[in-house]
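Visitor: Okay, handing you the structure first.
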Amino acid sequence: MHRTRSTLAFGFPVDPPPHETYQWLAEEQGASAEQLPGGPWLTGAAALEETARLLLADLSDGGSRGVLEDAWAAAQHHLFRDVHLLDSAGVDLSPPERQAVADTTIKWRELPRLLRFAANSARRGRPRPSLITGAFTALAELEAAASPLHAAHGYGAPTTRPAGTRRHAPQGG
């Protein structure tokens, strides 16, 4: 897991440090000409759709790749984002904006439990692909609606982009 995380963080394979030391990440412009593995990173609805696809493939193989745990971790990050947004800018948000954040918060909070149910069903021989794809589709719609608000407060790029713009940030050096 640490090797994959380091590959994604640094953009190329990096041996883990000895267990008794820390590995700090520092951004340095142009420090490497390496490219991130797998091409451009997906964002927004495309990322959620791909996560659903990977999760379904993982569950059909017994769930050994840890995609379920990755989805749980992503949900925790998004919950933190929403809580932090409401704590820091909540009084400045309009009621519809607060509702948009509340809606994404609810879906991200429900996601791990729903996916765990689907995973347990798959292990019992009763896969529920429509439950997984439906959850990620609903989440993608809510995230797209809240994306401009998130972006306005420094949380990533909006998921809706004008035609012809780059779909990802420049990677590597």
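Visitor: Pick from 131, 85: which is of a type outside the set (Val, Ile, Thr), touching a His at 6+ places or on another chain (Cβ under 8 Å) and under 22 Å from residue 44 (Cα atoms)?
Guide: 85
Visitor: Can you tell me which residue in the range 57-69 is nearest to residue 117 (Cα to Cα), limited to those that are under 16 Å from the mean Cα position of the chain (by Cα) and in contact (Cβ under 8 Å) with a residue 12 or more places away in the chain?
Guide: Among residues in the range 57-69 that are under 16 Å from the mean Cα position of the chain (by Cα) and in contact (Cβ under 8 Å) with a residue 12 or more places away in the chain, the one nearest to residue 117 (Cα to Cα) is 68.
Visitor: What number of residues within the range 111-136 are free of Cβ contacts under 8 Å to residues at least 12 places away in the same chain and closer than 20 Å to residue 50 by Cα?
Guide: 4
Coordinate-derived values only; no laboratory data. Since this is a predicted model, take the numbers as computed values, not measurements. When we count neighbours, we look across all protein chains shown, and the Cβ atoms used for this are built from the backbone with ideal geometry, even at glycine.
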